[in-house]
Structure formats: C-alpha cells, structure tokens
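Comments concern the structure below.
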Amino acid sequence: AEDLRDEAERAAALLENPERLFGSRPRTGSAGPSPGEGFKELSGATYVPSPRNKGDRFMVSHAGQEFLVRLLWVTCPPTLPEEVDELKSQAAYFKITPEDALVVGRRAQKFTSEFLKDKPMSLFTRGLKDEHGALLVEVRPEGVGSFAGVLVDNGLAAIPPLPTRARRGRNQDEAVVQALKDREAT
C-alpha cells in the first residue's frame, strides 16, 4: 500500500511539473550531449509501438523513416526468460533474482511505451549502431530531459561500465555515466 501511495504521488508530481521530478536541465552546462560534442541532433522523433520494443531499445519515427534505437549509457533487464545470461547479469546488478529481473524488464518495457507515447523527442547520436543494428542514442522527450535518467530514477535501468577502448567522446561519456550514478544513488 505504501509503494502504491508513493507511486501515485510521483505520478501526480509528474503531471504537475515533469522537469522538477526528472531533473530536466538546460543544454548549456548539461551533463548530456549536445551537437557540438560529436553528436548529431535529430529533433521531432516519435516513439513507434512494436512487439520488438524493450525498455532500452525501441522503434522511432523521424523524417518519414522508422528505425530501431538503443539508449546510450543504460541497459534494462530483458523481457524474455530465454535471455538467461543477461537476466543473471541484471539480477546481479540489482541484487535480485533472475525471475525478478524479468519482471523489472517487463515493467521497463511497459514504462517506456507509456512514457514516450505521443511525446515528441530529440535523439542525439554519433551515428554508431549496436550489434543488432540499433542506432545508439540519447533520448530527450520534450520537457523532460534525459530518458536514460528517467529509467534510472525509477529503478528500471542499470548503468553498465563504459567500454575500455579509447574513443571520441570518452570524457563526455564518463561525465554522463557519473551523473546517472549520482541519480541512482539518490
């Protein structure tokens, strides 16, 4: 009952002022990317419902094209019990059972779908793709700020270590990951 009450208060606060709840920050001085830091901005994107969508990987529409995106800097637990290794990894991160990690993954999937539906958003990308062909992006729904941060704030995403290979934007990525870890600690 207490959890339900807390969630109702959080939802009411979101409706009143989403920027206060999720820490939307102006682009200047923000820990998130901007086009001048090696990222290209794709504004006016929208979420596209699809059975392939997950909490951290989903279809979007931009400029008349639909394509798969994957969030930078965070991962959500999988939604299928067959993804045993990833479930074990996520369970260890959250210090829960693999069965509970599956529940969190499905909650993240539903949360993402409901949260992003009908919200215009900006995507920030370096043009890189993951091993499944999804474009790696930072997602900022209008009036909210970092969607990765929203998932972290709600306990629906893990923050994996950055790859060890050196690449462009490493300092930027480290700053964003630290900001996400600070949000997670809160």
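The values are calculated or read from the model by the stated rules, or taken from the named source; none is laboratory data. These figures come from a predicted structure and were not determined experimentally. Here the Cβ is made from the backbone with ideal geometry for all residues, glycine too, and neighbour counts use every protein chain on show. Protein only, heavy atoms only, side chains kept; ligands, DNA and RNA dropped before computing areas. Shrake-Rupley method; radii C 1.70, N 1.55, O 1.52, S 1.80 Å.
For segment 136-158, what are the residues that are surrounded by fewer than 19 Cβ atoms within 10 Å (Cβ to Cβ) and in contact with a strand residue (DSSP E or B) (Cβ under 9 Å, 6 or more places away or on another chain)?
Passing the criteria: 136, 142.
Among the residues that make up segment 102-116, is at least one of them among the small types (Gly, Ala, Ser), in contact with a strand residue (DSSP E or B) (Cβ under 9 Å, 6 or more places away or on another chain) and farther than 24 Å from residue 181 by Cβ? Before the answer, list the steps.
So in segment 102-116, the residues among the small types (Gly, Ala, Ser) come out as 105, 108, 113.
Now narrow it down to the ones that are in contact with a strand residue (DSSP E or B) (Cβ under 9 Å, 6 or more places away or on another chain): 113.
From what's left, farther than 24 Å from residue 181 by Cβ: 113.
Yes, the conditions are met somewhere in segment 102-116.
Of all residues in segment 145-185, which are touching a residue at least 24 places away in the same chain (Cβ under 8 Å), over 16 Å from the mean Cα position of the chain (by Cα) and in a loop (DSSP other than H, G, I, E, B)?
If the condition is that a residue be touching a residue at least 24 places away in the same chain (Cβ under 8 Å), over 16 Å from the mean Cα position of the chain (by Cα) and in a loop (DSSP other than H, G, I, E, B), then 168, 169 are the ones that fit.
Can you give me the number of residues within segment 70-99 that are of a type in the set (A, V, I, L, M), open to solvent by less than 20 Å² (accessible area, probe 1.4 Å) and over 14 Å from residue 151 (Cβ atoms)? Let's see the steps before the verdict.
Of segment 70-99, the ones of a type in the set (A, V, I, L, M) are 71-72, 74, 80, 84, 87, 91-92, 96.
With open to solvent by less than 20 Å² (accessible area, probe 1.4 Å) added as a condition, the list becomes 71, 74, 87, 91.
With the extra rule that they be over 14 Å from residue 151 (Cβ atoms), the set shrinks to 87, 91.
The number of residues fulfilling the criteria is 2.
Residue 120 versus (1) in contact (Cβ under 8 Å) with a residue 40 or more places away in the chain; (2) over 24 Å from residue 178 (Cα atoms); (3) touching a helix residue (DSSP H, G or I) at 6+ places or on another chain (Cβ under 9 Å); (4) surrounded by fewer than 22 Cβ atoms within 10 Å (Cβ to Cβ): which is the lone unmet condition?
(3)
Please go through segment 50-69 and pick out each residue that is touching a residue at least 24 places away in the same chain (Cβ under 8 Å) and either under 20 Å from residue 103 (Cα atoms) or touching a helix residue (DSSP H, G or I) at 6+ places or on another chain (Cβ under 6 Å) (or both).
Going through segment 50-69, the residues touching a residue at least 24 places away in the same chain (Cβ under 8 Å) turn out to be 53-58, 60, 62, 67-69.
Answer for segment 50-69, where residues must be touching a residue at least 24 places away in the same chain (Cβ under 8 Å) and either under 20 Å from residue 103 (Cα atoms) or touching a helix residue (DSSP H, G or I) at 6+ places or on another chain (Cβ under 6 Å) (or both): 53, 54, 55, 56, 57, 58.
Within the set of pairs 6+ apart or on separate chains, which have a first residue in segment 95-107 that is over 14 Å from residue 82 (Cα atoms) and of a type in the set (A, V, I, L, M), a second that is open to solvent by less than 70 Å² (accessible area, probe 1.4 Å) and at pLDDT 95 or above, and C-beta atoms under 7 Å apart?
Listed by first residue and then by second, the contacts come to 104/77; 104/94; 104/156.
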